1. Can you name the residue in segment B:87-103 that is surrounded by 17 or more Cβ atoms within 10 Å (Cβ to Cβ) and in contact with a strand residue (DSSP E or B) (Cβ under 6 Å, 6 or more places away or on another chain) and, of all such residues, is farthest from the other protein chains (Cβ to nearest Cβ)?
2. Among the residues of segment B:140-154, which ones are surrounded by fewer than 21 Cβ atoms within 10 Å (Cβ to Cβ), touching a helix residue (DSSP H, G or I) at 6+ places or on another chain (Cβ under 8 Å) and closer than 17 Å to residue B:106 by Cα?
3. Could you please let me know if residue A:113 is in a helix (DSSP H, G or I) and either free of Cβ contacts under 8 Å to residues at least 40 places away in the same chain or closer than 27 Å to residue A:215 by Cβ (or both)?
4. In this structure, does residue A:162 turn out to be within 14 Å of another protein chain (Cβ to nearest Cβ), in contact with a strand residue (DSSP E or B) (Cβ under 7 Å, 6 or more places away or on another chain) and more than 29 Å from residue A:37 (Cβ to Cβ)?
5. Just to be sure I understand the filter: pairs with C-beta atoms under 6 Å, separated by 6 or more residues or on different chains, first member in segment A:22-40 and at pLDDT 75 or above, second member part of a loop (DSSP other than H, G, I, E, B). Which pairs pass?
6. Of everything in segment A:1-15, what is in a helix (DSSP H, G or I) and loosely packed, with under 10 Cβ neighbours inside 10 Å? Give them in sequence order.
7. Among the residues of segment A:136-150, is there at least one that is within 30 Å of residue A:88 (Cβ to Cβ) and outside any helix (DSSP H, G or I)?
8. Going by the conditions given, is residue B:168 away from every other protein chain (no Cβ under 12 Å) and either crowded, with 20+ Cβ neighbours inside 10 Å or closer than 30 Å to residue B:27 by Cα (or both)?
C-alpha cells in the first residue's frame, strides 16, 4: 500500500496508476452511483446473484453425477470420456456459441416478462452468462466428487459390510460422509472458478451490468480508478466466499485430521 | 502337507457341556488370483480345518502365507476359487451379522463418536435409538471406556481404537469373531495389555474367535488351538492344541517350549 502511495506520486498519471485515495474513496461510498452504472454495491450484488444461480445448478448436477461415477465403474466408463473431452475447454471460449444459442434470453424472458420493475431486475440474469458460470463450476465439483467417493478407504466399507450393512446403508452412512470433505473441497474450488468465470464473462459483449462490466466500461472511459476499485472488489469478494467455505469446512469436518 | 484335524473333546467341552464341534468347516478351501502380469498366483493352497463353538483359534504364519485371505473368505468379503467354507453347514457367500470381524487398524469411522461407532451394526440393522444407546453403554463398560462415549477416534490411542473396534464387533452379537492381526500395530506393552483384555472379554462372552497373527508369542498366550501356516504355497502346516490353563505365564517352561517349537516350524 505504501508502495502504491509512493509510486502514484512518482508516476503522477491517473491513467497509469491513480492515487490511492481516489480508489479508496469508492469503498467509502459503496451505494453512490459510479460512472452511471449504478453503485458499486449493486454491481457486486448482481454479479453474486448471477454466480449463485449458475453455481447452484452446477452443484445440484455435478455432485450426484460425480458421486454416481465414483461409486459405479460402469457409470464412470460411460460418462468420463465425454467429461474429459469437455473439461479442458475454457468456459470463456464457450461465449460465442452460448450467445448464439441463448442470445439475450434472460430470467425475465423465460417467465414472460417484457416490462415493469421486475423486468429491469430479472433481465440482468442472462441464460448465457449462467451457462458460462455453470461450466466453470461444474468440472471442479464433478472431478472432486468422483475422487472423493472412489478413494474412500476400503477398510471403512468392509468394516460396515462385516456388520451386516446392506449396500444402501454403506452408500449413505459410509461412502457419502467419508467423501464429504473432498466433495466440499470441490464445491469450494468450483465457487472460486465460477466467480472468476463470471467476471470474465461480464467483460464480454452482451453484458450491461455487474462488476466485470463495470471494469470494462470504466476502462473505455479511462477511469482507471474505477477499474482498480472493481479489481479489488472482485478479489475481496472472492476471498470472502472462500473464507466462509473454509469456516464451514472446519466446522463440519472437525474429525478430519 | 495338509493335516486334517479330528476333533477330540477337550477340558473346555466338559466344562461347557455340549457344543457344536463344527461351527465352521473349511474344506479344501483355496484362492488363486491372476496378477497384473497375467500370472496365476496361489494366495491360499487347499486348506481343511474345523472350528468348534466357543473355541479360540489362532492362525500364525509368515506374511504371504494366506492367513488373512483365509480369514477374508470366512468373513464373506472374498470368495474362494476352490473348496468351500461352511458356517453351521451353510456355505458362506456374503458378510453377515453372525460373523464379526476386527481389522488391524483404521477401521473406525472418523466422523462418528466412539458410541456411534460401537452401535454401527445395530444402526445397519435398523434398531431403535434406545436399543442402540443401551448397547453403547453396555459395550463401553465392557471395554472400560465409559468416559469416552463422545470422543472421536482421532482423540484415542491405537490401543483404545482397537478396543472400540472389538466392542463394535461384539455389540452386533456375532457368534463368531474373526480378528485380522488386531494388535499388530500396537506397541509391545499395549499389545500385552490388550491380549489380557481380549481374554477377559472372551471369558465373559465365549464367542468363537479366529485370530490371525504373525506373533508366535501372542498365539501361545491366547489360543486353544494354533494353526501354523507356511508360505509358498500358503497352506496349513500343523495344528497344535495348547492345553495350558489360563492365565498363562510367559515364564512357564511349557510356554517357551511351545513357542520354540512353532518358531522352528516357521523357519523351515
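1. Among them, the one singled out is B:87.
2. B:151, B:152
3. Working: in a helix (DSSP H, G or I): no; either free of Cβ contacts under 8 Å to residues at least 40 places away in the same chain or closer than 27 Å to residue A:215 by Cβ (or both): yes.
Considered against the rule, which asks whether it is in a helix (DSSP H, G or I) and either free of Cβ contacts under 8 Å to residues at least 40 places away in the same chain or closer than 27 Å to residue A:215 by Cβ (or both), residue A:113 comes out as no.
4. Numbers: within 14 Å of another protein chain (Cβ to nearest Cβ): yes; in contact with a strand residue (DSSP E or B) (Cβ under 7 Å, 6 or more places away or on another chain): yes; more than 29 Å from residue A:37 (Cβ to Cβ): yes.
In short, yes.
5. A:39/A:31; A:39/A:32; A:40/A:30; A:40/A:34
6. Here is the first cut: in segment A:1-15, the residues in a helix (DSSP H, G or I) are A:2-11.
Of everything in segment A:1-15, those that are in a helix (DSSP H, G or I) and loosely packed, with under 10 Cβ neighbours inside 10 Å turn out to be A:2, A:3, A:10.
7. In the first step, residues of segment A:136-150 are kept if they are within 30 Å of residue A:88 (Cβ to Cβ); the result is A:136-150.
Going one step further and asking which of them are outside any helix (DSSP H, G or I), we end up with none.
The answer is no; no qualifying residue exists.
8. On the way: away from every other protein chain (no Cβ under 12 Å): no; either crowded, with 20+ Cβ neighbours inside 10 Å or closer than 30 Å to residue B:27 by Cα (or both): yes.
Criteria not met by residue B:168.
The values are calculated or read from the model by the stated rules, or taken from the named source; none is laboratory data. In this text, all values refer to a predicted model and were calculated from it rather than measured experimentally. Virtual Cβ from ideal backbone geometry, glycine too; neighbours counted across all protein chains shown.
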